[in-house]
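Right, one structure below, let's go through it.
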Amino acid sequence: MSNPEWAIGAGERVNLGTIVLGRGDIIAFATEFDAQPFHLDESAAETTLLGGLAASGWHTCTAVMSLLQRAASERGLALEPAGAEEILWLRPVRPDDALTATLVWGPRGCHACSERVGSFPIAIETINQGGDPVMRCRMDCLVRQAHVDAPLRVGDCPIRRARPARASRRAGDHGIKFFEDVAPGDEIDLGDYAFDRERIRSFRATYDGAPIAVSSRNEALTASVWHVTAAWMHCIVRYYAHHALQLSQRGRPVPILGPAAGVKHLRWHRPVGPGETISYRAWAERKIEIASHEDWGLLVVGAEGVNANGDPVVSFYPQMLLERAARARRKVG
């Protein structure tokens, strides 16, 4: 790892460039992965907490990561995110916002993934054209020289290890509840997502900046890590829509799922290839009262995707706003 081409200085600050998310881009991503009103329709979005059309947080992540992949490639490096300790979505990203990202490299870490691959913590701040921060994240990335073939021993890589659940998981009746009615540990099956070759190629071509994962120049096609994560969002929105319709048909109030504030302890445990079907689940981890939002509560959710062998491929802990029953009663009154 002493080759000068490899040199990455701890504390080095890198301008990753700028990317613009247009209205059509925002709606297209949301239609596939995050079909909520504040990501799809200007009129519907105006009455939501975001106050207007805004990009999905996962869309912002994929856009910024494409800048990171491009910057790595320009330095002769291949890079793969292994996890993110924290992602914070600070402000809505509006149509035609110009997002500029800046990276700070951390010191190379020790791990057992491969002798020829380095692990590096990075911090990224993303601002809009007005200089306002819209996203901050702290990630761990696997990096190698682009011309080096360095297979990874996925199961031995400590920076891919999940944070254990802090609530005793148990099957719940359904996950469409008001904040007051959610009990920590309640778990729901969100259904499956099939990663066929066309879906994988389409996501990489549209959103991702690295067509080949860092583990090998010659490896088979694998899904972008952001595709694997966005598929969980696709499944939970699909689940919510299905059960919300059932509640509505029975004349019962439908709790509103608000936007997410961020994500913690995101880990991609192993690659996903064409033909794999991933089963996604979610459970309530913790409830947080918000003094400034009496109509909403913040729910820390556990999220997981497993393959056909029962092996986890992704896990993380999003923080999502959930409507309180009192707000729904006032709307009816």
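For this structure, a couple of remarks:
- Extreme residue, positive dipole direction of the chain, given options 325, 68, 18 (C-beta unit charges): 325
- Relative contact order %, the chain, counting alpha carbon pairs below 8 Å whose residues are six or more apart: 18 percent
- Euclidean distance of C-alpha centroids, region 47-96 and region 241-295, integer Å: 20 Å
- Once the Cα atoms are used to define both axes, helix 225-249 deviates from the longest principal axis of the chain by about 10 degrees.
- Mean Cβ neighbour count within 10 Å, used as a protection proxy, ranking 223-235, 279-291 highest first: 223-235, 279-291
- Normalised contact order of region 213-315, rounded percent, pairs of Cα under 8 Å and 6 or more residues apart: 27 percent
- Rounded to the nearest 10 Å², the accessible area of residue 186 at probe 1.4 Å: 30 Å²
- Packing around the peptides 71-83, 168-180, taken as the average count of other Cβ atoms within 10 Å per residue, puts them in this order, highest first: 71-83, 168-180.
- Per residue, the solvent-accessible area of the chain (1.4 Å probe, heavy atoms of protein chains only, all protein chains present) comes to 44 Å².
- For residue 190, the solvent-accessible surface with a 1.4 Å probe is about 10 Å², rounded to the nearest 10.
- Per-residue Karplus couplings for region 301-306, computed as 6.51 cos²θ - 1.76 cosθ + 1.60 with θ equal to phi - 60°, are listed in order as 10, x, 9, 7, x, 10 Hz, Gly and Pro entered as x.
- Coil-residue GluC sites (Glu not before Pro) of region 294-333, DSSP, other Cβ within 10 Å capped at 15: 294
- For residue 25, the solvent-accessible surface computed with a 1.4 Å probe is close to 80 Å², ligands and nucleic acids excluded.
- Accessible-area order (highest first, 1.4 angstrom probe) of the listed residues 96, 295: 96, 295
- Whole-Hz Karplus values for region 51-60 come out as x, x, 4, 8, 6, 4, x, 5, 5, 4 Hz, taken residue by residue from phi with 6.51 cos²θ - 1.76 cosθ + 1.60 and θ = phi - 60°; glycine and proline positions read x.
- Portion, in percent, of the accessible area of region 174-319 that falls on carbon or sulfur, probe 1.4 Å: 51 percent
- Residue order by solvent-accessible surface for 239, 193 is 239, 193, largest first, with ligands and nucleic acids left out and a 1.4 Å probe.
The values are calculated or read from the model by the stated rules, or taken from the named source; none is laboratory data. This is a predicted model, so every value here is computed, not measured. For neighbour counting, all protein chains shown are included, and Cβ atoms are generated from backbone atoms with ideal geometry for every residue, glycine included. Accessible surface areas use protein heavy atoms only, side chains included; no ligands, DNA or RNA. Shrake-Rupley method; radii C 1.70, N 1.55, O 1.52, S 1.80 Å.
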